[in-house]
Amino acid sequence: MHGKTLGILVALSAALSAAMACSSSSTTSTGPKYATVQAFCTAKAEAECVVSDLCVVKKDACIAKRNSVCNDAAKNKNYNSAIAEACLVKVIEVYRPESSVIKPVDLRAVESACDKVYGGTVEQNKACETTGQCSSAFVCDKGFCATPTQKKGGELCGNPGESCEKDYFCVGDGVKSCIRGKLLDEACSQTAPCLTGFRCLGTCKPQLDVTEVCGSDGDCKSGYCEPVKRICTPGLTFGGGSDVCKQYGG
């Protein structure tokens with residue numbers, strides 16, 4: 001009788017252990033959601049191609065194009081799966097099927113969330129060319145990866161990572177400091193830039209309105225100079241036959 005009872009207890013213990021193991025395996029993460037470049041690019045293309053109807057293109061054609069763009073960007077670079085999901089969350093938030101325009105501030109948000117999906121291996125105080133090359137939360141500034149630090153007007157800003165508060169710019173020959181931008185009709189240059197809302201043409205002039213010819217994003221009030229036609233637009237604009245849609249299967 002004692003042996004039979006012991007056998008039942010052993011069987012129950014084994015069953016309990018198996019159940020706990022099963023429960024543990026079902027709740028334990030199996031790794032990154034987008035473990036490979038292919039998985040990431042497929043998901044990113046699908047998220048971006050909610051605009052396919054706005055471009056009047058077939059969704060499959062859009063996905064194929066965006067998948068190709070994504071994979072091309074990954075060539076000869078390290079893939080950081082740890083931040084891929086955060087990138088896709090931002091893409092899904094910004095790309096909406098009912099919105100024909102993505103504003104510059106939202107484009108920058110996507111760029112910020114995604115710029116280290118590829119690369120991002122250069123450590124602090126090491127040489128860099130773009131922020132996407134830097135690891136962790138470092139930015140590429142003055143040629144080196146560094147921790148971003150904001151300085152107030154009048155403060156020195158010559159070290160890598162140091163930038164100025166709104167309406168101030170880090171400029172100077174040799175010793176750099178945060179100086180206030182120039183106002184309308186004041187003399188300006190690369191070392192004496194204009195305040196936000198103006199562009200430098202020897203003196204500070206108002207930024208351009210939508211549809212006016214531009215040379216850079218900074219020329220436009222909207223903050224976006226359409227890269228093909230070189231005119232100011234409200235942002236990345238989707239519509240049948242538009243130049244933008246050529247990058248989305250159009």
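Derivation of every value follows stated rules applied to the coordinates shown; laboratory data play no part. It should be emphasised that the depicted structure is a prediction, and the values quoted were computed from it without experimental measurement. So basically every Cβ, Gly included, is an ideal-geometry build from the backbone, and we count neighbours across all protein chains shown.
Descriptive notes on the structure:
- Label separation (D72 vs A86): 2.8 nm, computed from points 7 Å beyond Cα along the C-beta direction.
- Between K151 and S163, C164, E165, the built amide H atoms are under 5 Å apart, and every one of these is 5 or more places off in sequence or on another chain.
- Nearby aspartates and glutamates by direct alpha-carbon distance to K151 (threshold 20 angstrom, same-chain neighbours under 8 apart not counted): D141, E162, E165, D167, D173
- Counted residue by residue at 0.36 nm each, then reduced by the alpha carbon distance between them, the extension gain from K33 to K103 reaches 22.3 nm.
- Here, the chain yields an orientationally averaged convex hull projection of 21.3 nm² when only Cα atoms define the hull.
- Gyration tensor (alpha-carbon) shape descriptor, the range 139-250, a/c threshold 1.5: oblate
- Where labels lie 7 Å past Cα in the beta-carbon direction, separation of D167 and K221 in nm: 2.0 nm
- Lys/Arg +1, Asp/Glu -1 at C-beta; the chain dipole; positive extreme among C70, C145, C225: C70
- Modelled FRET efficiency - R0 41 Å, S136 with A187, Cβ distances, 0.05 increments: 0.50
- DSSP H segments from the chain that extend 20 Å or more along their own axis, Cα-based, with Kyte-Doolittle mean of 0.0 or above: 2-27
- Multiplying the residue separation of T149 and R180 by 0.36 nm and subtracting their alpha-carbon distance yields 9.4 nm.
- Of K182/K205; K33/K116; K44/K116; K44/K77; K75/K229, pairs whose Cα-Cα distance is over 21 Å: K75/K229
- When +1 charges are put on Lys and Arg Cβ atoms and -1 charges on Asp and Glu Cβ atoms, the dipole computed for the chain relative to its Cα centre reaches about 520 debye.
- Between E93 and N125, the simple label model (points 7 Å from Cα in the Cβ direction) yields a spacing of 3.4 nm.
- Dipole axis of the range 28-133 (+1 Lys, Arg; -1 Asp, Glu on Cβ), positive-most option in V105, T30, S52: T30
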